[in-house]
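Peer 1: Below: one structure in structure tokens.
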Amino acid sequence: MSGIDRIGAAFTGCGRRAALMPYLMGGFPDLPTSLAIANGYADGGADLIELGVPFSDPLADGPVIQAAGTAALAAGATLDGVLEIATELSERLPVVLMCYSNAILARGTEQFVADIAAAGVSGLIVPDLPLEEAPTTAENCAAAGVAFVPLAAPTSTDERLTAIGAAAHGFLYTVAVAGTTGERGDESAYADVIARVRPHTSAPVALGFGISTPEQASAAADAGADGVIIGSRLVREAAEQDDPATACRTLVEQFAEALR
Amino acid sequence: MSDVSLEHRFGPYGGQYVPETLMPALAELEAAWISARADDEFQAELGRLLRDYAGRPTPLYLAERLSAVAGRTIYLKREDLLHTGAHKINNALGQALLAVRMGKRRIIAETGAGQHGVASATACALLDLECVVYMGAEDIRRQAPNVQRMGLLGATVVPVEAGARTLKEAVSEAIRDWVSNVADSHYIIGSAVGPAPYPAIVRDLQRCIGDEARAQILEREGRLPQRVIACVGGGSNAIGAFTAFVADESVELIGVEAAGEGLASGRHGAPLTAGGRPGVLHGSLSALLQDDEGQIAEAHSVSAGLDYPGSGPEHAWLRDSGRATYVAVTDEDALAAFERTAQLEGIIPALEPAHALHFALNVPSDSELDLICLSGRGDKDLAEVLALLGRS
């Protein structure tokens, strides 16, 4: 099954109002612990996992994910190390890799996509690769059966949404707020954002950025999201708890329950 | 849609590697600049401010004592005499006026040496705009006078504690602020870096340096210089100095980067000189200091303004196309040139152009006529330099 099909099946077969996609900072706080956290996500009811590759200068990320990336790099995280997590995890769940564009350029786009496909990665999210810069990466992904997942933002014009929606494979990553990643209190805009992107794509619409409580996850599903992405809240849990795998599993269970 | 557009690529370099959230704002900015730059009223207002407020045109000064040392004629383009003490005001005034034109009343800026932060704070005070300046905590320590100036001008200086706490992190944080406040804010990037259309806009606003200097040297010497020399961090004063001369094939263009503790030490800020694989930082593809995984390396330079691991994309293309040459000068040599210029000419240069001065004074050349961009004055560096020279 191609990555695109596997992601599609995860959305349609999730058995809840919206698929749950927790974000993991690969290699944070270290490689073995982050693998344990990932398994905690899967045990807690995750339908897919967004696996982050740490980067020195993550422009789309707020303080929590930035700090986790810095710590992961200090602990020796590498792309190959993160892909080891993908290899193990993809036995259980579809893995969608999140990395910044320089990681792709550093390895060479063709080699990069071949390597992530070999690690069982189903989809690729690159937050600093807008449509204009994406063709080479998207073509390599298509050839390898990896879903190239573009992002839509609240600031995107209708013209851009049409192009982004048509380019979406697997799902459309819909950014809930104009801002960086990080916990936020406001869910009032979810419905408008989803209503704006929905007509432009046939792919499932997953909402992310700022969703930090089970109540907000539920609100996202109420607003029509096909998937809900939880990032900073879980990364903060991993940073603050003595037993991050168990703590993150418990938290993921609460999000899963809210989406039932 | 207008047929006119600004360069998004310089050869393979440049581009727009930014979150989707910013893409509409970049398109709006490009359209606004194309319109403003062709608008006589806008140009007249900018021209008036550059002349009456900032002090343009700046003098082209024949530095006789430096010339005697170098054994060739050296002219200095005196950007150090501008209001706020550096070329940065050219760009800050232009972009602040553009922000007003776009109806954006909140300005975001980053700063390394503090010169661009001061220039932006100054333009914002003048035009009654809110101003938030991101500055690395290490730079706040070594550029204290400029931090005080920004405060006095009414700007909010936000310390950035990430990474090496210098210019790279300040730019990243400024971009994050812009992502979060894009509806009402304009980001005045301080160098010829960043996603398109920034490198082209900053060049357009800084090219007055070379346009003036070219006319001035033709009037004084009746000929073009053999070399135009400027320091390069991100590269805004250099692209400003070079642009008017790019079509003059006889004129050698030389960008001087920071060799820091030496290129071999790995502690430097010379991505164009050091070569290596290009990469993406702060929204554009260009020469870059990075490791094999694509993690951005920390730069090092005694001068905060050159302490940057990236470079403007147009410079990377000028290098690859053979039109310009890039070299690097160490901290130690820049400090020596700083002191020597003060003693020989009564001009205290900023540490950044001191790199260019060292190159012109000490590296042998057949050139008989050099034009050096003296991009800023060194008041901001006094405490740091005196401490490094063991005299504080």
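The values are calculated or read from the model by the stated rules, or taken from the named source; none is laboratory data. Quick caveat: nothing in here was measured; it's all calculated off a predicted structure. Every residue, glycine among them, receives a Cβ derived from its backbone with ideal geometry; neighbour counts consider all protein chains shown. Heads up: the accessible areas ignore ligands, DNA and RNA and are worked out on the full protein's heavy atoms, side chains in. Shrake-Rupley method; radii C 1.70, N 1.55, O 1.52, S 1.80 Å.
Peer 1: Two decimals, Cα atoms only, Kirkwood Rh: what is Rg/Rh over the protein assembly as shown? Please list the in-between numbers first.
Peer 2: Details: Rg = 25.6 Å, Rh = 25.4 Å.
Looking at the protein assembly as shown, the ratio lands at 1.01.
Peer 1: Probe radius 1.4 Å, ligands and nucleic acids left out: which of A:ASP57, A:ASP30 has the largest accessible area, and how do the rest follow?
Peer 2: On the way: A:ASP57 10, A:ASP30 55 Å².
Output order, biggest surface exposure first: A:ASP30, A:ASP57.
Peer 1: Also, I was wondering about something else. What does the average come to when, for each residue of peptide A:145-152, you count the partner chain Cβ atoms lying within 10 Å of its Cβ?
Peer 2: 1
Peer 1: For an R0 of 41 angstrom, estimate the FRET efficiency from the Cβ-Cβ distance between A:ASP186 and B:GLU7 and round to the nearest 0.05.
Peer 2: Working: r = 39 Å, r/R0 = 0.95.
For A:ASP186 and B:GLU7, the calculated efficiency is 0.60.
Peer 1: Are there cysteines in the protein assembly as shown with no second cysteine's Cβ under 4.7 Å away, and if so, which?
Peer 2: A:CYS14, A:CYS99, A:CYS141, A:CYS248, B:CYS208, B:CYS231, B:CYS373
Peer 1: Another question about this same structure. Leaving out same-chain residues fewer than 8 places away, which aspartates and glutamates sit with a Cα under 13 Å from that of B:LYS168?
Peer 2: Straight-line reach from B:LYS168, under 13 Å: A:ASP57, B:GLU110, B:GLU138, B:ASP139, B:GLU298, B:ASP307.
Peer 1: Separate question: Computed over the Cα atoms of the stretch A:113-164, what is the convex hull's projected area averaged over all directions, in nm²? Write down the numbers at each step before the final one.
Peer 2: Working: hull surface 14.9 nm².
Over all viewing directions, the stretch A:113-164 projects a mean Cα-hull area of 3.7 nm².
Peer 1: Then there is this: If you take each beta carbon of peptide B:51-62 and count the beta carbons of other chains within 10 angstrom, what is the mean?
Peer 2: Details: counts 0, 0, 0, 0, 0, 0, 0, 0, 0, 0, 0, 0.
Mean shielding count: 0.
Peer 1: Ok, one more. Give me the distance in nm between label points sitting 7 Å out from Cα along the Cα-to-Cβ direction at B:GLU261 and B:LEU62, one decimal.
Peer 2: 4.4 nm
Peer 1: Give me the distance between the Cα centres of the stretch B:34-54 and the stretch B:288-327, rounded to whole Å.
Peer 2: 31 Å
Peer 1: Could you give the C-alpha radius of gyration of the stretch A:10-67 expressed as a fraction of 2.2 N^0.38 Å, taking N as the number of residues it contains? Please report the intermediate quantities before stating the final value.
Peer 2: Values: Rg = 13.0 Å, N = 58, 2.2 N^0.38 = 10.3 Å.
Relative to the rule-of-thumb radius for its length, the stretch A:10-67 sits at 1.26.
Peer 1: Could you please state, rounded to a whole Å, how far the C-alpha centre of the stretch A:169-214 is from the C-alpha centre of the stretch A:37-97?
Peer 2: Measuring centre to centre over Cα atoms gives 20 Å.
Peer 1: Using helices alone, I'd like the mean residue ellipticity at 222 nm for chain B: each DSSP H run of four-plus residues gives -39500 (n - 2.57), total over residue count, nearest 500. Provide the component values of the computation, followed by the final result.
Peer 2: Details: 16 runs with 163 residues, N = 392.
-12500 deg cm²/dmol, from helical runs alone.
Peer 1: Assuming R0 = 51 Å, can you tell me the calculated FRET efficiency for the pair B:SER321 and A:ARG16, based on Cβ-Cβ distance, to the nearest 0.05?
Peer 2: Details: r = 57 Å, r/R0 = 1.11.
The calculated FRET efficiency here is 0.35.
Peer 1: Indicate the gyration tensor shape class of the stretch A:3-258 (rounded, prolate or oblate), computed on the Cα atoms with a ≥ b ≥ c the square roots of the eigenvalues: a/c under 1.5 is rounded; otherwise a/b larger than b/c is prolate and the rest oblate. If you can, show how the numbers build up before the last one.
Peer 2: Working: a/c = 1.39, a/b = 1.06, b/c = 1.31.
Taking the square roots of the gyration eigenvalues as a ≥ b ≥ c, the stretch A:3-258 is rounded.
Peer 1: Where both partners of a DSSP beta bridge lie in the protein assembly as shown, what percent of those bridges are antiparallel, to the nearest 5?
Peer 2: Values: 13 of 75 bridges.
Around 15 percent of the beta bridges assigned by DSSP in the protein assembly as shown are antiparallel ones.
Peer 1: In what sequence, highest mean first, do B:365-374, A:74-83 appear when ranked by Cβ atoms within 10 angstrom?
Peer 2: Details: B:365-374: 21.4, A:74-83: 18.7.
Going from most to least packed, we get B:365-374, A:74-83.
Peer 1: Ok, one more. At 0.36 nm per residue, and after removing the present C-alpha to C-alpha distance, how many nm does the segment from A:GLU88 to A:GLU240 gain when stretched out fully?
Peer 2: Values: separation 152, 0.36 × 152 = 54.72 nm, distance 2.50 nm.
Between A:GLU88 and A:GLU240, full extension yields an extra 52.2 nm.
Peer 1: If you average the sequence gap of Cα pairs under 8 Å that are 6 or more apart and divide by the length of chain A, what percent do you get for the contact order?
Peer 2: Reported as a whole number, the value is 25 percent.
Peer 1: Could you grab the relative contact order for chain B? Cα pairs under 8 Å, six or more apart, rounded to a whole percent. Numbers along the way, then the final one.
Peer 2: Values: 876 pairs, mean separation 76.7, N = 392.
The normalised contact order for chain B reaches 20 percent.
Peer 1: In square angstrom and rounded to 100, what buried accessible area do you get between chains A and B, total over both, with the probe at 1.4 Å?
Peer 2: Values: alone 10150 and 14410 Å², together 22020 Å².
Using a 1.4 Å probe, the pair buries roughly 2500 Å².
Peer 1: How long are the semi-axes of the equivalent ellipsoid of the stretch A:127-260, taking √(5λ) for every eigenvalue λ of the Cα gyration tensor, in whole Å from largest down? Numbers along the way, then the final one.
Peer 2: Numbers: eigenvalues 145, 64, 35 Å².
Value: 27, 18, 13 Å, ordered largest first.
Peer 1: Okay, next question. Peptides B:335-345, B:200-210: what's the order by average Cβ count within 10 Å, highest mean first? The partial results should precede the final answer.
Peer 2: Working: B:335-345: 19.2, B:200-210: 24.4.
Listed from highest to lowest mean packing, they are B:200-210, B:335-345.
Peer 1: Using a ≥ b ≥ c from the Cα gyration tensor of chain B (square roots of the eigenvalues), is it rounded, prolate or oblate, where a/c under 1.5 gives rounded and otherwise the larger of a/b and b/c decides, a/b for prolate? Don't skip to the end; give the middle numbers.
Peer 2: Details: a/c = 1.34, a/b = 1.23, b/c = 1.09.
It comes out rounded by the Cα gyration axes.
Peer 1: Further question on the same structure: Computing the accessible area with a 1.4 Å probe over protein heavy atoms, can you report the carbon and sulfur percentage for the stretch A:46-143? Before the final figure, lay out each step's value.
Peer 2: On the way: 1540 of 3020 Å².
Ligands and nucleic acids excluded, carbon and sulfur reach 51 percent.
Peer 1: Right, here's the next one. Mind checking which helices in chain A clear 30 Å along their axis (Cα) and have mean Kyte-Doolittle hydropathy of -0.5 or more, DSSP H runs only?
Peer 2: In chain A, no H run is both long and hydrophobic enough.
Peer 1: Something else now. Excluding residues on the same chain fewer than 8 positions from B:LYS88, give the lysines whose Cα lies under 17 Å from its Cα.
Peer 2: Excluding near neighbours in sequence, the set is B:LYS77, B:LYS380.
Peer 1: In nm, to one decimal, how far is the modelled label at A:ASP222 from the one at B:GLN148, with both set 7 Å along Cα→Cβ?
Peer 2: About 5.5 nm, to one decimal.
Peer 1: Here's something else I'd like to know. Please give the average number of partner chain Cβ atoms lying within 10 Å of the Cβ of each residue in A:51-64, rounded to a whole number. Intermediate values should be presented prior to the final figure.
Peer 2: On the way: counts 0, 0, 2, 2, 4, 15, 14, 2, 14, 8, 3, 3, 3, 0.
The per-residue average across the peptide is 5.
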